[in-house]
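J.: For reference, the structure I am asking about is given below.
Bear in mind that the values in this text are calculations on the coordinates, not laboratory data. All values reported here derive from a predicted model rather than from experimental measurement. Here Cβ is always computed from backbone atoms with ideal geometry, including for glycine, and neighbour counts include all displayed protein chains.
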Amino acid sequence: MDPAEDWLVESLRLYRDFHAFDLSGATRVLEWVGDKGVFVAGYESLRKNEILHLTLPLRLSVKENQGLFPERDFKVCHGGFSDRSVFDLRHVPDTRLLVTSGLPGPYVQVWQVAEDSDVIKDVGAIAVPEEEEGLWPRVAIFSAASPAVLHGARLGRLRIVDLESQKTKFMSGISDSEALSSLQVLDADTFAFCCASGRLGLVDTRQQWAPSECHHPSSGEGPGGGRWCAEVGGQGSGPHIASLGSHGQLCLHDPRDLSHPVSTVQCPVPAPSPKPELLRVTWAPGLDNCLAISGFDGTVQVYNITSWGGTGSQVEPLFTHRGHIFLDGHGVDTAPLVTTHTWHPQKPRTLLSAASDASLHVWDWVDPDTAC
């Protein structure tokens, strides 16, 4: 058997459920709306890009496996077109609004999912400072009675803008040019940032800019330096910040003391990420101490952090999704790059992953030793 045939046979044991779909174009955003729908958007630079609201096949929407269902594909509920690439997309909770950003621009666009038709329409824009070519605003949402958009391409130009009035509610107001890689709202008053350099911070918007920070990654960045992304999450032992470097370094931080990492490990990636802007680390919302990473090749790796400790240790994934490599006849050398992934908000071991060949996979992995 060739590697693809081996994987197909092995997949019967590795997955509880597996669905593969093809989008009209590759996406780097997977944004949940409830637990049955997801938004995707194209990112090609020389064409109009679709923004789609998809609902999961009925089989994936039920709590238990109830046999065969007539609809086994995603269904398009709403759609629209963007004249620009969509690199970031956020749904505003409890509304029909979306916020996107990308290039050229930079821009932050507001969209509305129609209530009486299948259209996603452009309803306005949020003014953003001009930045040099190649940078776009990272976006996060403060959901409240009056939702607000947190956005910025550089640390010194971070601001929070009320979505309805367009008034600026908060701004960093500092002369700091570090480029941002990710933003995450934690509650009504605080958010986290990660710079491309690996610098992390927690910000309380009720006071002047005085974030709790970690200025440097705790391990070497490898030849030529590296780029980083991060996410706050975790269950069990409490919240952690996981930061992922483009050479496969993964650092865990306690939000109460960012200056001293809890642990620093090296993930078994084949090479530094070929497109570090696609790096992604995510915490499992329904499992204790599990996270996933992607952006290095055609795989998504799942880890259990329970036994991690110290600095510089090598770790092995609990599970690796290789479907984007083998399912459509790709070989390891010609495999597409995973562009993004996300955990299902309610099904503990179910993930969605997308790749540069426009494939979209939904998979429920079998834990080999029930470690998490």
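J.: Spin-label point model (7 Å from Cα, Cβ direction): what's the Asp83 to Ser212 distance in nm?
T.: Here the modelled spin labels are 4.5 nm apart.
J.: Calculate for the chain the 222 nm mean residue ellipticity that helices alone would give, adding -39,500 (n - 2.57) per DSSP H run of length 4 or more and normalising by residue count, nearest 500 deg cm²/dmol.
T.: Working: 3 runs with 20 residues, N = 372.
After summing the helix terms and dividing by the residues of the chain, the value is -1500 deg cm²/dmol.
J.: Can you sort Cys214, Cys194, Cys267 from fewest to most other Cβ atoms within 10 Å of each residue's own Cβ?
T.: Cys267, Cys214, Cys194
J.: Can you classify segment 266-372 as rounded, prolate or oblate using the Cα gyration tensor, where a ≥ b ≥ c are the square roots of its eigenvalues, rounded means a/c under 1.5, and otherwise it's prolate if a/b beats b/c and oblate if not?
T.: Because a/c hits 1.5 or more and a/b fails to exceed b/c, segment 266-372 counts as oblate.
J.: Which lysines does Lys275 reach when only Cα atoms under 19 Å apart count, and residues fewer than 8 places away in its own chain are ignored?
T.: Hits, sequence-local ones excluded: zero.
J.: Full-extension gain between Val366 and Glu115, please, as 0.36 nm times their residue separation minus the C-alpha to C-alpha distance.
T.: This chain segment gains 86.5 nm when fully extended.
J.: Oh, and also: Please work out whether the chain counts as rounded, prolate or oblate from its C-alpha gyration tensor, where a ≥ b ≥ c are the square roots of the eigenvalues and a/c under 1.5 means rounded, while otherwise a/b larger than b/c means prolate and anything else oblate?
T.: Oblate, since a/c reaches 1.5 and b/c is not below a/b.
J.: Additional query: Where the only charges are on Cβ atoms (+1 Lys, Arg; -1 Asp, Glu), what is the dipole of segment 262-372 about its Cα centre, to the nearest 20 debye?
T.: Working: 5 positive and 10 negative charges, 41 e Å.
Computed charge dipole of segment 262-372: roughly 200 debye.
J.: Still on this structure: Could you please rank Cys229, Cys195, Cys77, placing first whichever residue has the fewest other Cβ atoms within 10 Å of its Cβ?
T.: Cys77, Cys195, Cys229
J.: If you don't mind, another one. Please arrange Thr27, Thr264, Thr311 by how many other C-beta atoms lie within 10 Å of their C-beta, fewest to most. Write down the numbers at each step before the final one.
T.: Details: Thr27 27, Thr264 22, Thr311 12.
Going from least to most buried by this count: Thr311, Thr264, Thr27.
J.: Sticking with this structure for a sec: Between Asp122 and Ser313, what length comes free when the chain is fully extended (0.36 nm per residue of separation minus the Cα-Cα distance, one decimal in nm)?
T.: This chain segment gains 63.9 nm when fully extended.
J.: Could you sort out which of Lys36/Lys75; Lys121/Lys167; Lys48/Lys121 sit more than 18 Å apart by Cα distance in this structure?
T.: Table pairs above 18 Å Cα-Cα are Lys121/Lys167.
J.: Using +1 at the C-beta of Lys and Arg and -1 at the C-beta of Asp and Glu, which of Val362, Ser165, Pro104 has the Cα lying farthest in the positive direction of the dipole of the chain?
T.: Result: Ser165.
J.: Separate question: Can you tell me the length gained on complete extension of the stretch Glu164 to Leu12, counting 0.36 nm per residue apart and subtracting the Cα distance?
T.: Details: separation 152, 0.36 × 152 = 54.72 nm, distance 4.98 nm.
Roughly 49.7 nm would be gained on extension.
J.: Relative contact order for the chain using alpha-carbon pairs under 8 Å, separation at least 6, rounded to a whole percent?
T.: 13
J.: Projecting each Cα onto the charge dipole of segment 270-372 (Lys/Arg +1, Asp/Glu -1 at the beta carbon, about the Cα centre), which of Leu351, Gly295, Pro285 comes out farthest on the positive side?
T.: Selected residue: Pro285.
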